[in-house]
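Q: Here's a structure for you.
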Ligand code: MN
């Protein structure tokens, strides 16, 4: 059975940047539904007990009839599980250590990276995610559709931003740019540094 993880902080802990109501609905309704539908879909198969990230990493070998549920709901479960950890109360600022160096090397500066990532998130059309990914030892910014997981494409997510309307509409309505600006204040760079290794 796949399980909805508990958050490491209270629903109101990311206020005023991310509001408590959005956090609560996002976690207890949206994320919970991905977990439930994943469980319903893979019931009685080997994927019932396999960690969702492992399933996504070997997506090509998943039987055709299960690919849709794994892609949509497995991806949704994995993406959100990461997303909660990629945010923290008193987050924001800039990364340090190896990740800071890699960002500078790849994008020129932290400011240039931030601008490029913001643009990817803002320009993404429809539902999806913006990512900072590590692939073949090189950092890259990419956006993915719906709940497609970068793990399906052999990439390691370092940082991800949910740009589905459900992640910002209650507070920001149509103002996606305001949500992205607010989100930078809760980025958990410690988690991103850990994921970079
Ligand atoms: Mn979401």
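Q: Could you check residue 34 against (1) in a loop (DSSP other than H, G, I, E, B); (2) surrounded by 19 or more Cβ atoms within 10 Å (Cβ to Cβ); (3) within 16 Å of the ligand (Cβ to nearest atom) and say which number it fails?
A: (1)
Q: May I ask you to list pairs of residues, at least six apart or on different chains, whose Cβ atoms are under 7 Å apart, with the first in segment 95-109 being closer than 14 Å to residue 132 by Cβ and the second being assigned to a loop (DSSP other than H, G, I, E, B) and at pLDDT 95 or above?
A: From segment 95-109, the pairs are 100/94; 103/95.
Q: Taking only segment 48-58 into account, find how many residues are closer than 10 Å to residue 74 by Cα and in contact (Cβ under 8 Å) with a residue 24 or more places away in the chain.
A: 3
Q: Moving to a separate point now. Modelled with pLDDT of 95 or more and surrounded by 15 or more Cβ atoms within 10 Å (Cβ to Cβ): does that describe residue 145?
A: Against the criterion (modelled with pLDDT of 95 or more and surrounded by 15 or more Cβ atoms within 10 Å (Cβ to Cβ)), residue 145 does not qualify.
Q: Among 71, 81, which is in a helix (DSSP H, G or I), within 12 Å of the ligand (Cβ to nearest atom) and under 17 Å from residue 150 (Cβ atoms)?
A: Exactly one of 71, 81 is in a helix (DSSP H, G or I), within 12 Å of the ligand (Cβ to nearest atom) and under 17 Å from residue 150 (Cβ atoms), namely 81.
Q: Just one of (1) within 16 Å of the ligand (Cβ to nearest atom); (2) in contact (Cβ under 8 Å) with a residue 12 or more places away in the chain trips up residue 172, so point out which.
A: Among (1) within 16 Å of the ligand (Cβ to nearest atom); (2) in contact (Cβ under 8 Å) with a residue 12 or more places away in the chain, the lone unmet condition for residue 172 is (2).
Q: Another question, then. Is it the case that segment 28-40 has a residue that's at positive phi and free of Cβ contacts under 8 Å to residues at least 60 places away in the same chain?
A: Of segment 28-40, the ones at positive phi are none.
Looking for residues that are at positive phi and free of Cβ contacts under 8 Å to residues at least 60 places away in the same chain, one finds none in segment 28-40, hence no.
Q: Considering only residues of segment 13-31 that are within 11 Å of the ligand (Cβ to nearest atom) and farther than 13 Å from residue 84 by Cβ, which is surrounded by the fewest Cβ atoms within 10 Å (Cβ to Cβ)?
A: Top of the filtered list is 29.
Q: Same structure again: Based on this model, can you work out whether residue 155 counts as surrounded by 15 or more Cβ atoms within 10 Å (Cβ to Cβ) and more than 16 Å from the ligand (Cβ to nearest atom)?
A: The answer is yes for residue 155.
The values are calculated or read from the model by the stated rules, or taken from the named source; none is laboratory data. Keep in mind that this is a model prediction, so the values were computed, not measured. Positions of Cβ are backbone-derived with ideal geometry, glycine not excepted, and every protein chain shown enters the neighbour counts.
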